[in-house]
Amino acid sequence: MNAIETKLKGCFILEPTVFEDERGYFFESYNSGKLEQILGYKPNFVQDNQSRSSYGVVRGLHMQEGEHSQAKLVRVIEGSVIDVVVDVRSESPTYGESVAVELTAENKKQLFIPRGFLHGFSVISENAIFFYKCDNGYNKASEDGINPLDIELNIDWKIPIEQMIISDKDKEAQMFRDFKIKNLK
């Protein structure tokens, strides 16, 4: 497995070693020992989630705060997405910066997202099945998020705005400036 740390400390693109022959392919999608070597600690994943979405869907930007914050290991089983993370760790030198990675069933890349990040993705194929592991369970009271079309963050979701499918909850989410003000208190 090849691990590439992004400009956001602790956030890694993971590229598996894929063995292919006339029968198809094989790769190790998760190995706790190897991930521990890369991260320097062992995440304890407690929940797996999967979603299916069609072209134009934008999900995010979401996170859980406080004791319910989550680290995630994300990948695509079918199709293609643009996966986006935003560093909102208050003491981080990259606070407010984002990284976008194309994750596809073909490239088999994964993204490890540490706690303290907003996360979202857009579907750029006809359909996509998105799978992720979390190191903490879902807690509705700890939810937070930012509108995926926030001007300050200026994320390129690789979908024309008129073709985006965004939930009402995400459309009505706060802007990054309000998130910053709230989290400075």
Checklist outcome for this item: Those residues of the stretch 62-71 which are closer than 22 Å to residue 41 by Cβ and either touching a strand residue (DSSP E or B) at 6+ places or on another chain (Cβ under 7 Å) or among the polar types (S, T, N, Q) (or both) amount to 63, 64, 65, 69, 70, 71
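Do we have residue 15 as over 21 Å from residue 79 (Cα atoms) and either at pLDDT 95 or above or surrounded by 15 or more Cβ atoms within 10 Å (Cβ to Cβ) (or both) here?
Taking the combined requirement at face value, the residue does not satisfy it.
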Next on the checklist: Just checking, does the stretch 96-110 include any residue being in contact with a Gly (Cβ under 9 Å, 6 or more places away or on another chain), at pLDDT 95 or above and part of a loop (DSSP other than H, G, I, E, B)?
Outcome noted: yes
Checklist entry - Pairs, please: C-beta under 8 Å, at least 6 apart or cross-chain, first residue touching a residue at least 60 places away in the same chain (Cβ under 8 Å) and under 16 Å from residue 45 (Cα atoms) and in the stretch 116-143, second acidic (Asp, Glu) and assigned to a strand (DSSP E or B)? => result 131/48; 132/48; 133/48; 134/48
Next on the checklist: Return the residues of the stretch 107-136 that are surrounded by fewer than 19 Cβ atoms within 10 Å (Cβ to Cβ) and under 23 Å from residue 183 (Cβ atoms); say none if nothing qualifies.
Outcome noted: 115, 135
Next on the checklist: I need the full set of residues from the stretch 58-71 which are outside any strand (DSSP E or B) and either of a type in the set (A, V, I, L, M) or surrounded by fewer than 21 Cβ atoms within 10 Å (Cβ to Cβ) (or both), in order please.
Outcome noted: 65, 66, 67, 68, 69, 71
Checklist entry - So which residues in the stretch 72-94 are touching a strand residue (DSSP E or B) at 6+ places or on another chain (Cβ under 6 Å) and in a loop (DSSP other than H, G, I, E, B)? => result 79, 88, 94
Next on the checklist: Tell me yes or no: at least one residue of the stretch 169-180 is among the acidic types (Asp, Glu) and in contact with a strand residue (DSSP E or B) (Cβ under 8 Å, 6 or more places away or on another chain).
Outcome noted: yes
Checklist entry - Which of the residues belonging to the stretch 31-57 are surrounded by fewer than 12 Cβ atoms within 10 Å (Cβ to Cβ), in contact with a strand residue (DSSP E or B) (Cβ under 7 Å, 6 or more places away or on another chain) and among the polar types (S, T, N, Q)? => result 50
Checklist outcome for this item: Scanning the stretch 106-134 residue by residue, the ones that are farther than 13 Å from residue 83 by Cβ and out of contact with any Ser or Thr (no Cβ under 6 Å at 6 or more places or on another chain) total 8
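The values are calculated or read from the model by the stated rules, or taken from the named source; none is laboratory data. Because the structure is a prediction, the values reported are computed rather than measured. Note: ideal-geometry Cβ built from the backbone for every residue, glycine included; neighbour counts use all protein chains shown.
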